[in-house]
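Undergrad: Let me begin by handing over the structure; questions about it come next.
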Amino acid sequence: MRAALNTGRTIRQGSYVERKNSPAYREEASSLHMNRVDMLELEIEEGDHVCVRSDQGAVVMVACPAEGLDRGEVFVCLGPFANFLVDPETHGTGMPDFKTTAVTIEPTTAPVPAVKDLMEQCGGSGYEG
Amino acid sequence: MKVEDVVCPFCGCLCDDLVVEVDQNRVIGVENGCTLANEKFMGDRRLENPIRKEGRSWSDITYDAAIREAADILIDADRPLLYGWSGTHGEAQSVGVHLAELLGAVIDNTSTVCHGPSIMAIQEVGHPGCTLGQVKNRADVIVYWGANPIDAHPRHMSRYTTYADGFFVKEAFKERKVIVVDVRKTESSAVADEFIKVERGGDYAILSALRAIVRGKRDLIPPKIAGVTREQLFRVADICMQAKFGAIFFGLGLTMSPGKNKNVRNAIELTEELNRHTKFTISPMRGHWNVYGSNEVFTWITGYPYAVDFARGIAFYNPGETTSVDILRRGECDACLVVASDPGAHFPRACAEHLARIPTIQIDPHVNATTHLATLQIPVAVTGIDAEGTAYRMDGVPIRTRKLFDGTYPSDLEILSKIYARVKEAKGS
Ligand code: SF4
């Protein structure tokens, strides 16, 4: 399924923002909010894993239904999961298109990575302490 | 011990009415704060000591060794980037700017990925703003455009707008009209008197239509614009023009959507049109605590609010060129100092990849996404908890934050001053 990815703050994202390696932060930052009819069409239920792909890469997230979104629109709180997909082009403004990323979504059984795993995929070395 | 009138160090509202209970060097209770404030004070789990990466593994080092290494990395770099600054106090930001000048570095703050486009628009057409106190006491119409305060600034509505009784607005909830404009339904749109649901990317067109209506050109408006009926736009324009005092607050829905700085410019120009009929103001919903302060401090020292490049020996500013995301995506900087922010989590992946390729030093109290990309992290006190300093509220009012207890961590100011002294000595200046 093709969709437009929007990002923004949520109160849960803000609550755990200083504990980015906690399960609670991962759960919030990897939640892909989507329209229920789109979920029906993809034959997925709340909590199912989905692979979300843009021209920048792909990341596994967890589908959850949201009332306020139209079909073809998905929302992920700002954070490392959404940013795995956002193009760094700023069109001369310094600001990437954080609110309008074209993505495709398909069901998957792959696990949802931890924030540390995502940063390791970027070339970092996870700090466990 | 209970400390009264504590300033919250989380979002740009800088609520200054918190009551915080402290037991030795630990916060054990918070009154008056929102969920975000409670988590900030109560969920505070710090990195214990400086850490350094060798190969792919991490080890603990002393503060002195970490400061030495940080300074040496910056001295050796040809094009260092000093990024972040919004989570710390003005005094530390000021040392950061002087350090950038000494190094010939680029210094940028988090407005580069929040209200940078708003600043660009304000530089073009000005800023008809006001303090939050004016809004609370006078405004009878509030517009939230591309902003969701209930999630991002949870007490904005109760302290200043929807639910805040003021001198001329005795019963706010009844007397104030609230208009929310967004591409999706949110908790904030649910409490609005009018919710304008715009199609994605349609903000500029809606702003232009409202400007035309306020100018008296209703006959030019087609039946539907960007998913919004003209009847609703007429109704909203009438509410605004009949207001005694209106206040627009806009968020990243304008600055990050197609049009960016031009959206904000159009919103400011709508405010100007409305001022032909009544009194209207417009203000950005500044998010990350002292991000407004970083703009103030950068400006009073360099003349520019963010993205300041000292490579030429003088301050140079050109968003799109000297902004952090552009510098990182081009792979241009060869070292990065991150202070009080988390670009690993909040920049596009390509930028995080470059941070992992170069020596990245992070000065931050917590383990965050950037920690995993960094070479070195130095933990510090949290301003507003165990360090004091000045921060600016979203409306430009400076507020002094206090230390709640004497902790064991040095402040950002102490660490940066030591790095500055070492760089200064090495440069012989
Ligand atoms: S609204 Fe912002 S400043 Fe006020 S208590 Fe909540 S997080 Fe803190």
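Undergrad: Condition check: more than 16 Å from the ligand (Cβ to nearest atom), more than 11 Å from chain A (Cβ to nearest Cβ) and either among the polar types (S, T, N, Q) or open to solvent by less than 20 Å² (accessible area, probe 1.4 Å) (or both). Does B:ASN32 satisfy that?
TA: Against the criterion (more than 16 Å from the ligand (Cβ to nearest atom), more than 11 Å from chain A (Cβ to nearest Cβ) and either among the polar types (S, T, N, Q) or open to solvent by less than 20 Å² (accessible area, probe 1.4 Å) (or both)), B:ASN32 does not qualify.
Undergrad: Within the group B:ALA311, B:ALA350, which residue is over 28 Å from B:PRO398 (Cβ atoms) and assigned to a loop (DSSP other than H, G, I, E, B)? Outline the logic, then answer.
TA: Working: B:ALA350 fails: assigned to a loop (DSSP other than H, G, I, E, B).
So the residue among B:ALA311, B:ALA350 that is over 28 Å from B:PRO398 (Cβ atoms) and assigned to a loop (DSSP other than H, G, I, E, B) is B:ALA311.
Undergrad: So, one more: Are any residues in segment A:85-129 open to solvent by 20 Å² or more (accessible area, probe 1.4 Å) and assigned to a strand (DSSP E or B), and if so, which ones?
TA: A:ALA102, A:THR104, A:GLU106, A:PRO107
Undergrad: Taking the condition touching a residue at least 40 places away in the same chain (Cβ under 8 Å), part of a helix (DSSP H, G or I) and at negative phi, does B:ARG200 pass?
TA: Values: touching a residue at least 40 places away in the same chain (Cβ under 8 Å): yes; part of a helix (DSSP H, G or I): no; at negative phi: yes.
So B:ARG200 does not fit the description; no.
Undergrad: Same structure again: Return the total of residues in segment B:1-12 being more than 14 Å from every other protein chain (Cβ to nearest Cβ) and within 11 Å of the ligand (Cβ to nearest atom).
TA: 2
Undergrad: Something else now. Hey, can you tell me all the residues within segment B:13-26 that are more than 7 Å from the ligand (Cβ to nearest atom) and closer than 14 Å to B:THR401 by Cβ?
TA: B:ASP16, B:ASP17, B:VAL20
Undergrad: Tell me, please, whether a residue that is closer than 29 Å to B:GLY331 by Cβ, free of Cβ contacts under 8 Å to residues at least 60 places away in the same chain and not hydroxyl-bearing (Ser, Thr, Tyr) can be found in segment A:64-81.
TA: Yes, that holds for at least one residue.
Undergrad: If you take the residues in segment B:145-167 that are in contact with a Phe, Trp or Tyr (Cβ under 8 Å, 6 or more places away or on another chain) and away from the ligand (no atom under 16 Å from the Cβ), which one is farthest from the other protein chains (Cβ to nearest Cβ)?
TA: Looking at residues that are in contact with a Phe, Trp or Tyr (Cβ under 8 Å, 6 or more places away or on another chain) and away from the ligand (no atom under 16 Å from the Cβ), I get B:TRP145.
Undergrad: All but one of (1) hydrophobic (A, V, I, L, M, F, W, C); (2) without any contact (Cβ under 8 Å) to a residue 60 or more places away in the chain; (3) part of a loop (DSSP other than H, G, I, E, B); (4) more than 9 Å from chain B (Cβ to nearest Cβ) hold for A:VAL17, so report the exception by its number.
TA: Here A:VAL17 clears every test but (4).
Undergrad: Going by the conditions given, is B:ALA139 touching a Leu at 6+ places or on another chain (Cβ under 7 Å) and more than 16 Å from the ligand (Cβ to nearest atom)?
TA: Criteria not met by B:ALA139.
Undergrad: In segment B:321-339, how many residues are of a type outside the set (Asp, Glu) and either farther than 21 Å from B:TRP58 by Cβ or open to solvent by 10 Å² or more (accessible area, probe 1.4 Å) (or both)?
TA: Total satisfying the criteria: 10.
Here is a yes/no grid of residues against (1) touching a Pro at 6+ places or on another chain (Cβ under 6 Å); (2) surrounded by fewer than 24 Cβ atoms within 10 Å (Cβ to Cβ):
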position: B:GLU269; (1), (2): no, yes
position: B:HIS277; (1), (2): no, yes
position: B:THR281; (1), (2): yes, yes
position: B:PRO284; (1), (2): no, no
position: B:GLY287; (1), (2): no, no
position: B:VAL291; (1), (2): no, no
position: B:PHE298; (1), (2): yes, no
position: B:THR302; (1), (2): no, yes
position: B:TYR306; (1), (2): no, no
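Undergrad: Is it the case that B:THR383 is open to solvent by 20 Å² or more (accessible area, probe 1.4 Å), within 14 Å of chain A (Cβ to nearest Cβ) and either at pLDDT below 95 or more than 22 Å from A:VAL59 (Cβ to Cβ) (or both)?
TA: It is false that B:THR383 is open to solvent by 20 Å² or more (accessible area, probe 1.4 Å), within 14 Å of chain A (Cβ to nearest Cβ) and either at pLDDT below 95 or more than 22 Å from A:VAL59 (Cβ to Cβ) (or both).
Undergrad: Among the residues of segment A:20-42, which ones are within 7 Å of chain B (Cβ to nearest Cβ) and either at pLDDT 90 or above or open to solvent by 50 Å² or more (accessible area, probe 1.4 Å) (or both)?
TA: Residue satisfying the conditions is A:ASN21 alone.
Undergrad: Right, B:VAL191: under 16 Å from B:PRO149 (Cα atoms), in contact (Cβ under 8 Å) with a residue 12 or more places away in the chain and in contact with a strand residue (DSSP E or B) (Cβ under 6 Å, 6 or more places away or on another chain) or not?
TA: Criteria not met by B:VAL191.
Undergrad: Could I ask something else about it? Considering each of B:GLY396, B:GLY331 in turn, give the residue that is more than 9 Å from chain A (Cβ to nearest Cβ), part of a loop (DSSP other than H, G, I, E, B) and more than 25 Å from B:HIS115 (Cβ to Cβ).
TA: B:GLY331
Results for (1) hydroxyl-bearing (Ser, Thr, Tyr); (2) part of a loop (DSSP other than H, G, I, E, B); (3) surrounded by 22 or more Cβ atoms within 10 Å (Cβ to Cβ), shown as yes or no for each residue.
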| position | (1), (2), (3) |
| --- | --- |
| B:ARG46 | no, yes, no |
| B:ALA70 | no, no, yes |
| B:GLU91 | no, no, no |
| B:GLY96 | no, no, yes |
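Undergrad: Quickly run through segment A:1-14 and pick out the residues that are assigned to a loop (DSSP other than H, G, I, E, B) and at the interface with chain B (Cβ under 10 Å from one of its Cβ atoms). Write out each step before concluding.
TA: To start, the set of residues in segment A:1-14 that are assigned to a loop (DSSP other than H, G, I, E, B) comprises A:1, A:9-10.
Correct list: A:ARG9, A:THR10.
Undergrad: Can B:ALA243 be described as touching a Ser or Thr at 6+ places or on another chain (Cβ under 9 Å) and either under 19 Å from B:ILE122 (Cα atoms) or outside the structural domain of B:THR390 (by TED's automatic domain parsing) (or both)?
TA: So B:ALA243 passes the test.
Undergrad: It is to be established whether one or more residues within segment B:119-132 are within 16 Å of the ligand (Cβ to nearest atom), more than 14 Å from every other protein chain (Cβ to nearest Cβ) and small (Gly, Ala, Ser).
TA: no
Undergrad: Pull up segment B:35-47, narrow it to residues that are in contact with a strand residue (DSSP E or B) (Cβ under 8 Å, 6 or more places away or on another chain) and away from the ligand (no atom under 13 Å from the Cβ), then point me to the one that is modelled with the lowest pLDDT.
TA: Only one residue fits best here, namely B:ASP44.
Undergrad: Condition test on B:GLY87, is it crowded, with 18+ Cβ neighbours inside 10 Å and in contact (Cβ under 8 Å) with a residue 60 or more places away in the chain?
TA: yes
Undergrad: Answer with yes or no whether B:ALA311 is under 24 Å from B:ILE358 (Cα atoms) and in contact with a Lys or Arg (Cβ under 9 Å, 6 or more places away or on another chain).
TA: yes
Undergrad: Hey, among B:HIS372, B:HIS366, which residue is assigned to a loop (DSSP other than H, G, I, E, B), within 14 Å of chain A (Cβ to nearest Cβ) and either of a type in the set (A, V, I, L, M, F, W, C) or out of contact with any strand residue (DSSP E or B) (no Cβ under 8 Å at 6 or more places or on another chain) (or both)?
TA: So the residue among B:HIS372, B:HIS366 that is assigned to a loop (DSSP other than H, G, I, E, B), within 14 Å of chain A (Cβ to nearest Cβ) and either of a type in the set (A, V, I, L, M, F, W, C) or out of contact with any strand residue (DSSP E or B) (no Cβ under 8 Å at 6 or more places or on another chain) (or both) is B:HIS366.
The values are calculated or read from the model by the stated rules, or taken from the named source; none is laboratory data. Since the structure is predicted, the reported quantities are computational estimates derived from the model, not experimental observations. Here the Cβ is made from the backbone with ideal geometry for all residues, glycine too, and neighbour counts use every protein chain on show. For the accessible areas, the whole protein counts, side chains as well, though only heavy atoms, and no ligand, DNA or RNA atoms are used. Shrake-Rupley method; radii C 1.70, N 1.55, O 1.52, S 1.80 Å.
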